[in-house]
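Working notes for the structure below.
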C-alpha cells in the first residue's frame with residue numbers, strides 16, 4: 001500500500017473517530033404597592049400541634065411514638081400566579097405541586113417545571129433528619145397570602161406546630177417569596193425550638209423532585225436529556241452518580257438539574273452541609289432527577305434558613321440577570337447561574353454562528369431561510385481556501401488519461417505504478433487528497449452548528465415550511481410510533497436525511513479523483529462517510545441537516561463552475 005493510500009485511510013479513520021467523539025460530547029419592573037391578606041377566619045391556624053408518627057429524640061435515636069397520628073383539617077390546594085408562573089401549592093407539607101411557565105409551551109400547554117407523573121411526589125418537601133426519610137406531609141395552615149397591586153403573588157406563608165415523642169413542641173414555617181417577572185423565587189424555612197430535631201449532626205432536608213419538565217416518554221443524550229451540575233470554587237462540576245446517587249459535603253454555591261431548554265437550580269442556605277443528587281427510579285416517572293440540601297444540626301433554639309430556586313428557561317439572558325443586583329427585582333448578585341449553560345470546545349464558534357444567524361433572522365423572520373443565508377456566507381468566507389482544493393480536484397480529473405496510461409503500463413507492478421503516479425502528481429503540482437479538504441474544513445462548523453441548533457433556546461419550535469415545523473428537532477413525514485425499527489430504534493420516516501445522503505454522494509462522486517473507484521481509501525470517503533453521517537444525522541435537528549444539504553449543493557455548483565472555467569481557459573490557450 002502506497003503512502004498516499006495509507007494517509008487517506010488514516011485520515012478517514014480520524015474523521016470518523018472525531019465525529020463519534022464530538023457527537024457524544026455534544027447533543028423588569030420593580031414591585032408596586034402591595035396588598036396584604038392575612039388569612040384568619042377562613043383558614044384558621046390549628047391550635048393543636050401535629051403528632052409525627054416517627055420522630056428524632058434529642059439523643060439522635062429514632063423512636064416510634066404511636067401507630068396513630070392526630071390529623072388536622074383536610075389538605076387543600078392553592079393556586080397563585082405571577083407574570084411568569086402559574087403555581088399550585090398543597091397545604092400537605094406546604095409543598096409545590098405544579099410550577100407552570102406561562103410564556104413557554106409544550107404541545108400548546110404551559111410547561112410544568114415539576115414533572116411528577118403518577119408518582120404523587122411533590123417538590124420542596126421537608127424531611128426530618130436524613131434525605132431518604134419520609135417527607136413531612138402533615139397539613140400546614142396558611143397564615144399569610146400577600147399580593148401586589150396587579151394581583152401577582154408576592155409571598156405566601158405556611159405554618160404548623162408539631163410534637164415529638166417526648167412532648168417537645170417545635171414550629172415549622174415555610175415562606176415562599178416571588179417577584180412578578182422573575183424565574184427565581186425564595187423559600188425561607190423557620191423553625192422554633194429546632195434543637196429537638198438534631199439527629200447524628202443532621203436536622204432536616206429540603207428536596208426537589210422527582211423530575212423537571214417538560215414531560216417526556218424517554219431520555220436520550222441528544223434531543224432530550226437531564227444532567228446534574230454543581231458550582232463552587234468558581235467552577236462548574238458535573239457529578240458522577242454511583243448506584244444512582246451522588247453526595248458532596250462541599251459547600252456548593254448552587255446545584256442544578258439541566259434539561260435541553262429548561263433548568264431547575266437550587267441555591268442552598270449557608271447552613272447546608274451536604275448536597276445530594278439522585279436518579280433512583282420512582283414509580284410513575286420515566287426517569288428521575290432529584291436534588292437534596294441537608295442542613296447541619298441546629299445550634300440555637302430558633303433558626304431561619306434562606307433557599308433560592310431558579311426554575312425557567314436555560315438562556316444566558318435570564319440566568320445572568322442574577323450576576324448584578326441592579327438587573328433583577330430581588331437585588332441579588334454574584335450567583336453565576338449562567339455557568340449552568342452547556343458548553344463545549346467549539347463554544348466560541350457556536351456563539352459567532354448564533355450571532356450571525358440571529359442577524360439574518362431579524363431580516364427574514366424565518367430561521368430556515370436564515371440558516372440558508374448563513375450557509376452561503378460560510379461558503380463565501382471559506383472560498384479562498386476551498387477554491388485551491390477544488391482546482392486540485394479539477395487538475396486530477398484532467399490527468400485522467402495519463403493516470404489510466406500508467407495503470408495499464410504498470411498493471412503487473414503496483415509498486416512501480418505507485419512511484420510513477422506519485423512522480424506525476426509532483427510534476428503537476430496536485431494532491432490526490434486535495435478533495436478531502438472541504439470536508440475537513442466543514443467539520444468544526446458542522447459540530448458548532450450541531451450545538452447551536454440542538455440547544456439554542458430561540459430556535460425551539462421554529463418552523464421552516466411544510467412538514468419542517470421545528471428546526472431544533474428532527475422532522476418527520478410519517479410516524480409509526482410506538483413501533484420502531486429493531487436495533488436502530490427509529491419510529492419515523494424522515495425526508496431530509498435521505499435528501500442529504502443523495503446530495504452528499506453526488507457531490508463526492510463528482511469531486512472524486514480519477515482512479516478513486518479502484519482506491520479503497522477513496523471509496524471510504526465517497527460512500528463510507530455519507531452513510532456514516534446518514535445514521536448520525538437521522539434523528540438530528542432538521543436545521544442541521546438543512547445546513548449540511550445546502551452546503552453539498554453549493555459545493556457541487558462551485559465545483560461545476562471551477563471545472564467549466566478550467567476547460568474554457570484550456571481552450572483559449
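FYI, it's all coordinate maths here, none of it is from the lab. None of the values given here were measured: they were computed from a predicted structure. Cβ: placed from backbone, ideal geometry, glycine included. Neighbour counts: every protein chain shown.
A Förster radius of 60 Å combined with the Cβ-Cβ distance from residue 419 to residue 188 puts the calculated FRET efficiency at roughly 0.15. Taking each residue as 0.36 nm, the span from residue 245 to residue 344 lengthens on full extension beyond its C-alpha to C-alpha distance by 33.1 nm. For the pair residue 409 and residue 536, label points projected 7 Å from Cα toward Cβ lie 4.0 nm apart. Once fully extended, how much extra length lies between residue 506 and residue 329, figured as 0.36 nm per residue of separation less the alpha-carbon to alpha-carbon distance? Computed gain between residue 506 and residue 329 is 58.0 nm. With both labels modelled 7 Å from their Cα along Cα-to-Cβ, the residue 300 to residue 477 distance reads 7.0 nm.
The slack in the chain from residue 365 to residue 200, taken as 0.36 nm per residue of separation less the alpha-carbon distance, amounts to 53.4 nm. Of the peptides 120-130, 257-267, the order by per-residue mean of other Cβ atoms within 10 Å, starting with the highest, comes out as 257-267, 120-130. The order of the peptides 270-283, 559-572 by mean Cβ neighbours within 10 Å, most packed first, is 270-283, 559-572.
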